[in-house]
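The block underneath contains the structure these notes are about, expressed in structure tokens.
The values are calculated or read from the model by the stated rules, or taken from the named source; none is laboratory data. Since the structure is predicted, the reported quantities are computational estimates derived from the model, not experimental observations. Virtual Cβ from ideal backbone geometry, glycine too; neighbours counted across all protein chains shown. What goes into the accessible areas is simple: the full protein's heavy atoms, side chains included, and nothing from ligands, DNA or RNA. Shrake-Rupley method; radii C 1.70, N 1.55, O 1.52, S 1.80 Å.
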Amino acid sequence: MNNYSEKFEKMRIAGKLASDTLDMLTTNIKEGVSTDYIDKLGYEFIRDNGGYSAPLYYRGFQKSLCTSLNHVVCHGIPSKEKILQEGDAVNVDVTAIVNEYYGDTSRMFCIGKTPIKLINLIDATYEAMMRAIRILKPGKKLGDIGYEIQSHVEEKGFSVVRDFCGHGISNTFHESPNILHYGNKNTGMELKAGMTFTIEPMINAGKFDVKVLNDGWTAVTKDKSLSAQFEHTVGITENGYEIFTESAKGYSKPPY
Ligand code: MF3
Ligand code: CO
Ligand code: CO
């Protein structure tokens, strides 16, 4: 026992509901389906399994999850008009609240046959997140996380979005510290056992600049290049880390 075991137990439960939601959605994310339908399925699944969707009414957001297609970087708003088509790639980002604690996770989904350039971007984004997770332990610093992500994707000619970052998370949705997805080794705050936060790199095929559309939410790449993202909620343990949002079905990245 330690002073964060109760917190971690709650994070495990919330994290599991968020990742179970993505598992459930996986077979439903296909050609011809609207992103609003995905939102509806996610809303119902979370509600029926004892939780709440954190995005719903969060700062005026009107949907239960985010669906970010192709050149949308993050915070895409589900819509009846947005129908998934062959060749699309969509990030679905789910945040569930259970007993006041939050689990936040996202994955990419490919619709039908995916261009190789997009597969490469998705693979690099997933690998960058996992590289950053694998180094986590007390004594590592926030800059080490950013370094792992930035060095991996820039070597492939991709860029790290600067305008959005990961975040502390526990019994509030977004708390300190900010988790930047770029940075230098051995800089920034030191990791301590008991910390819980997200790692959620947004990686662009082109330049890292983004702009937010008039709806106040949808963030897109300025150069209209493709963008990919994955997100896990993690906790720092005495000698490493725990991922709270790992898929029970073993889903990591496409193909599922
Ligand atoms: N789930 C997002 C994150 O990773 C936040 C979404 S806020 C919303 O932090 F309002 F856009 F849903
Ligand atoms: Co997050
Ligand atoms: Co999220």
Q) Would it be correct to say that Thr172 is within 16 Å of ligand 3 (Cβ to nearest atom) and in a loop (DSSP other than H, G, I, E, B)? A) yes
**Q.** Matching residues, region 19-28, being among the β-branched types (Val, Ile, Thr) and in contact with a helix residue (DSSP H, G or I) (Cβ under 6 Å, 6 or more places away or on another chain)
**A.** Thr21
(Q) For region 92-107, check the following and say yes or no: at least one residue is away from ligand 2 (no atom under 14 Å from the Cβ), at pLDDT 95 or above, buried (at least 20 other Cβ atoms within 10 Å of the Cβ) and within 15 Å of the chain's Cα centre (by Cα). (A) no
Q: Scan region 60-70 and give yes if some residue there is open to solvent by 50 Å² or more (accessible area, probe 1.4 Å), under 20 Å from Ser19 (Cα atoms) and in contact (Cβ under 8 Å) with a residue 40 or more places away in the chain, otherwise no.
A: no
